[in-house]
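Encoded as structure tokens, the structure appears first; notes follow it.
The values are calculated or read from the model by the stated rules, or taken from the named source; none is laboratory data. As the structure is a prediction and not an experimental result, all values here were calculated from the model. Every residue, glycine as well, gets a Cβ built from its backbone with ideal geometry; the counts of neighbours run over all protein chains shown.
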Amino acid sequence: MDQMTQQGLVLRKWHEYSEETLTSEFGVEADGPTLWKHAVAAVVRNPFAGQFGENLTPLIEKSALLGYEFGRRLVRLAGESKIEGYGKAVVVGTEGEYEHGNALVTSAFADPIREIIGGGKAWIPSTGKRGGPGVVIDVPLAHKDALYVRSHYDTCTLSFADAPSPREIVIIFVISTRGRLNARLGGIASTEIEGKDGLR
């Protein structure tokens, strides 16, 4: 954390969250392993709070180091489980603008995560909003190596009791260990995509 502070991103807090889904909403048992979703979030000071900020390159450049730490934490949470899905989001405090948050989750941030978790050929679904402490955000998920795998379209709903303050940004990355339980809408299966273009 000290290194990140020295790089110009001042962190206040880390959040980590895990959930395991065992059955469908109607109690039907999982068609295979249970579904784990793991989330890591960092609460950082927004250096552009209260201003437009014509050039957001400094935020983009500083996010790479943060990406490596996210990747390390996500792999630790996943343990021995294979990571199949992912998604990212930001919540920007009310003295900032949505673009400030977006600057922290570009490829400069995401590519180190791809490197650490392995694969990551597909575009990462993303969302964000402005809000205050306790605001709810739905983080979209998709397969990390092929965007059009329908079974892996999913959501992880999160909120943070004390963040973001008006001059903070919450950066969020979520991973999943499989697709939805008992997915049955057809399309490409995750077992079919090995070696294929990640956008198919």
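Observations on the structure shown:
- Evaluation of residue 185 against (1) outside any loop (DSSP other than H, G, I, E, B); (2) out of contact with any strand residue (DSSP E or B) (no Cβ under 7 Å at 6 or more places or on another chain); (3) among the aliphatic types (A, V, I, L, M) (one fails), failing number: (1)
- Of the residues 91, 75, the single one that is within 14 Å of the chain's Cα centre (by Cα), part of a strand (DSSP E or B) and either hydrophobic (A, V, I, L, M, F, W, C) or at pLDDT below 95 (or both) is 91.
- Candidate set from region 95-121 (those that are in contact (Cβ under 8 Å) with a residue 60 or more places away in the chain and in contact with a strand residue (DSSP E or B) (Cβ under 6 Å, 6 or more places away or on another chain)); member that is nearest to residue 177 (Cα to Cα): 105
- In region 57-67 there is no residue matching the filter, namely being among the small types (Gly, Ala, Ser) and either touching a Gly at 6+ places or on another chain (Cβ under 9 Å) or closer than 30 Å to residue 182 by Cβ (or both).
- If you filter region 1-20 down to residues that are out of contact with any helix residue (DSSP H, G or I) (no Cβ under 7 Å at 6 or more places or on another chain) and at pLDDT 95 or above, you find that the one that is nearest to residue 76 (Cα to Cα) is 17.
- Residue match in region 130-149 (condition: in contact (Cβ under 8 Å) with a residue 40 or more places away in the chain, buried (at least 16 other Cβ atoms within 10 Å of the Cβ), assigned to a strand (DSSP E or B) and β-branched (Val, Ile, Thr)): yes
- Residue count for region 107-122, restricted to those that are within 14 Å of the chain's Cα centre (by Cα), closer than 17 Å to residue 65 by Cβ and not hydrophobic (A, V, I, L, M, F, W, C): 4
- Selection count where residues are outside any helix (DSSP H, G or I), on the phi < 0 side of the Ramachandran plot and either touching a Phe, Trp or Tyr at 6+ places or on another chain (Cβ under 8 Å) or not hydroxyl-bearing (Ser, Thr, Tyr) (or both), scope region 94-127: 11
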